[in-house]
Amino acid sequence: MYELHTLETYLKQFFGYDSFRPGQRQIIEEALQGQDLLIVMPTGGGKSLCYQLPALLKPGLMVVVSPLIALMQDQVDALLDNGIGATFLNSSLELSEMRSRSQAILNGKIKLLYVAPERLLNPGFLDFLDNIQARIGITGFAIDEAHCVSEWGHDFRPEYRQLQRLRQRYPQTPVLALTATATKRVQKDIIQQLHLKTPSCHIASFNRPNLYYEVQRKQRQNYNQLLKAIRQQNGNSGIVYCLSRRKVEETATRLHRDGIAALPYHAGMTSRQRTDNQNRFIRDDVQVIVATIAFGMGIDKPDVRFVFHYDLPRNLEGYYQESGRAGRDGENANCILFYSPGDIYRVEYFINQKTNPDEQRIAQENLRQIIDYAEGTVCRRTIQLSYFGERFPGNCGNCDNCLNPQPIEDWTIEAQKFLSCVARCREKFGITHIIDVLRGSRKKKVEQYGHHLLSTYGIGKDKSKDQWKLLARSLLHQGLMSKTTDGYGVLKLNKKSWEILRKQRSVSIAVPHQKAVKSQDTSSLSVEAEMLFDRLRSLRKRLADANNVPPYVIFHDSSLRVMARDRPQSLADFGDISGVGQRKLEQYGKEFLSEIRAFCYEHQPPVSLPSDTQMATLQLCQQGLSIEEMAERRQMKPSTIVSHLSELIERGQPVEINFFISGIRQKQIVVVIEQVGDQSLTAIREVLGEDYSYDEIKLVRGWWRNQKRRI
């Protein structure tokens, strides 16, 4: 059984990581104690580990509810590559394979079982679960993508509602609900729908500091704008989202024609086509996937370095979720939204297809929020995180508005006019109506409510509609005004609003200017290290293809970058790298070390010629003198002569090492150097023991280094 102080040991053993990410350890401890849990953690935060490690440390089987076959396959591949017993049961398997896997589960060989909600609730499968519970026990139910249980979530799935039957059938079995995005309303709904019992709730920050956010106004030749942005990503993997299937096909075709390896993905393709294209993207056979929002939740690819939205998304939560598919490994990634006011009409067209008035109203509110984001001049994260109820102070240093701040102007008087109009309209209207009153509009709605008779009617004619919208958005983003979230977007005054009206608070806003923003570099490696990184990626791709798994299953980009930067020379040093567990060290250590050593040899500085004193020692050596005789002849210490000889051997000079140390002892020393590296003579001798002298080790190390240079 585990002990809490050894959790880090298990983390390194099974997953190759030295420390937990923020929040993980406490969640895992509570899961080990059998608590129900609600875990809201952004993409890339490490949600899966929160149920995978407890599953390994507790007796029985952890059942993971996952919505997509592709997602199951990828996660199981990664677990198996780490030497962890995991499997999935779904419609992609032959009957014989289903039976084989089911028997392995009942025999206790499997610790994690992935299954879709539809199969899980099948009466026959529930009987199978009863059998599992009786024979080996069920550790818990992990409900992945738990936001699907709520009709208020961005991806509601009715079949998720039925998962509450698990609590009725297995009342004592812990339930862990996990999702990357959930507003407070969705969180409450998840707890109620899944019947979680006094759950421990862990709501991590929604901030993804490694993601760079930018909004670019679409240019006249917007395809060329997109193509240029993709080419700036240096061949890294990325996703381009489009609003329609036709746009997906056209864009993928044009990119392919212009030399970008790209494939389409949308709901109009056959299931086989979608699966093939998705697999080719995951396995790095192509650089870019061009997709509608049909592509996403089933993608477990951590090294997506950019996500571009070629069209305006339909809502802010969807944009956060889709852009969040970049940089899941914690490395830097770019998220660019290409925006044109003309996109609004296309989104409105989809909204108008809805027949339910309430759905239309909510969709319109969602559209207003994403427009606020696209046209906003404050920190992009401030806007995003406020949607989830999280306050962010701004100045993130990793978005276009923070890196290229707009000029700040004092708009206190304009703010007083705006807020006064909100008050005189009795806080019952949204932004558009308030602006109509301020600008003296003759719309029927203004006169219908008698607002043409207000003192604020027409006092804002000196500003355009866009300028008043800019002010309204800024007041909301700064918390100087509020609005309802019921889909109507009715403006409300708060304490700070009244401070402005009473001249107790000033208002400054950022005014847009034309900005030239360049995408952030996704790497901080030196040029030479980048060259090695590319070679290691190529090796990873060859190994992945040979093992029929996605490349990231071998190692994440973040691990390869550390290898390229630190260039380990021994298995021990290689095993210290984050992401290298015991299983991966045994499987891939020697091949990656060989590639690193070969690169180091090819890029090492030219070997200098032996010095005059070393050449004098070489002449005596060639006369057959022993080390002691050479030292006596040259009036030097024997250790100095050994240093000369080891340097000569390393430089490939004709020194016969067998004259000084036997072949058997040479081989033993080489074995240890291969294990602990060639940097520390003391470390090598500690393993060999006192029977071996430093002189022997130094001579063999010179020979070993020479051999590595000649590989």
Next item on the list: Go through S237, I344, N224 and say which Cα lies farthest out towards the positive end of the charge dipole of the range 211-403; charges sit on Cβ, +1 for Lys and Arg, -1 for Asp and Glu.
Entry: N224
Notebook entry, point to check: Peptides 103-111, 127-135: what's the order by average Cβ count within 10 Å, highest mean first?
Noted result: 103-111, 127-135
Margin query: With an 8 Å Cα cut-off and a minimum separation of 6 or more residues, compute the relative contact order for the chain in percent.
Written below: 11 percent
Notebook entry, point to check: Relative to the present Cα-Cα distance, how much length would full extension add between R165 and R231 at 0.36 nm per residue of separation?
Noted result: 18.7 nm
Notebook entry, point to check: Where in the range 54-130 are there GluC sites (Glu not before Pro) that are in a DSSP coil and have at most 15 other Cβ atoms within 10 angstrom of their Cβ?
Noted result: E94
Checklist line | Candidate aspartates and glutamates for bridging to K188, where Cα separation is under 13 Å - those fewer than 8 sequence places away on the same chain excluded | finding: E151
Check: Expressed as an acute angle from 0 to 90° and rounded to the nearest 10, what is the orientation of the C-alpha long axis of helix 663-676 relative to the principal long axis of the chain?
Finding: 20 degrees
Margin query: Nearest 5 percent is fine: what portion of the DSSP beta bridges confined to the chain is antiparallel?
Written below: 10 percent
Item checked: Kirkwood hydrodynamic radius (C-alpha pairs) into Stokes-Einstein, the range 612-709, 20 °C and 1.002 mPa s, D in µm²/s -> 157 µm²/s
Notebook entry, point to check: Hey, which lysines would be in cross-link range of K637, C-alpha to C-alpha under 17 Å, not counting anything within fewer than 8 residues on its own chain?
Noted result: K698
Checklist line | Full-extension gain in nm, K109 to R424, via 0.36 nm per residue minus C-alpha separation | finding: 106.4 nm
Check: Tell me, how many Å apart are the Cα centres for the range 386-412 and for the range 568-604?
Finding: 43 Å
Next item on the list: May I ask you to sort Y588, Y320 by Cβ crowding, counting other Cβ atoms within 10 Å and putting the fewest first?
Entry: Y588, Y320
Notebook entry, point to check: If you take the beta carbon distance between T355 and Q614 as r and set R0 to 60 Å, what does 1/(1 + (r/R0)^6) give as a FRET efficiency, to the nearest 0.05?
Noted result: 0.10
Check: Rg to Rh for the chain: what is it, with Cα atoms only and Rh by Kirkwood?
Finding: 1.08
Check: Tell me which lysines have Cα within less than 18 Å of K584's Cα, excluding those fewer than 8 residues away on the same chain?
Finding: K12, K541
Item checked: Viscosity 1.306 mPa s, 10 °C: Kirkwood-radius Stokes-Einstein D of the range 7-132 over Cα pairs, µm²/s -> 103 µm²/s
Next item on the list: Would you please classify the overall shape of the range 408-510 from the alpha carbon gyration tensor, given that a ≥ b ≥ c denote the square roots of the eigenvalues, rounded means a/c under 1.5, and beyond that prolate means a/b larger than b/c while oblate covers the rest?
Entry: prolate
Margin query: I'd like the Kirkwood hydrodynamic radius of the range 211-403, using the inverse of the mean 1/r over distinct C-alpha pairs, in Å.
Written below: 17.2 Å
Check: Along the charge dipole of the chain, which of Q103, L475, P405 sits closest to the positive end, that is, farthest toward it, with unit charges on the beta carbon of Lys, Arg, Asp and Glu (+1, +1, -1, -1)?
Finding: L475
Notebook entry, point to check: Looking at I434, Q448, S420, which one has the Cα that reaches farthest to the positive end of the dipole of the range 391-453 (charges on Cβ: Lys, Arg +1; Asp, Glu -1)?
Noted result: Q448
Checklist line | Where labels lie 7 Å past Cα in the beta-carbon direction, separation of S100 and E528 in nm | finding: 4.9 nm
Item checked: FRET E, pair Q33, S639, Förster distance 60 Å, beta-carbon r, rounded to 0.05 -> 0.50
Notebook entry, point to check: Using Cα-only point scatterers and the Debye equation, what is log10 of I(q)/I(0) for the range 527-602 at each q in 0.12, 0.26 Å⁻¹, rounded to two decimals?
Noted result: -0.27, -1.38
Item checked: Rounded to the nearest 20 debye, dipole of the range 576-682 from Cβ charges on Lys, Arg, Asp, Glu -> 160 debye
Notebook entry, point to check: To the nearest 500 deg cm²/dmol, what mean residue ellipticity at 222 nm is calculated for the chain from DSSP H runs of n ≥ 4 alone, each contributing -39,500 (n - 2.57), summed and divided by the residues?
Noted result: -14500 deg cm²/dmol
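Every read-out reported here was derived from the displayed coordinates using simple, explicitly stated rules and does not represent laboratory data. Quick caveat, the model's predicted, so the values are computed rather than measured. A quick note on method: Cβ atoms are made from the backbone with ideal geometry, for glycine too, and the neighbour counts reach across all protein chains shown.
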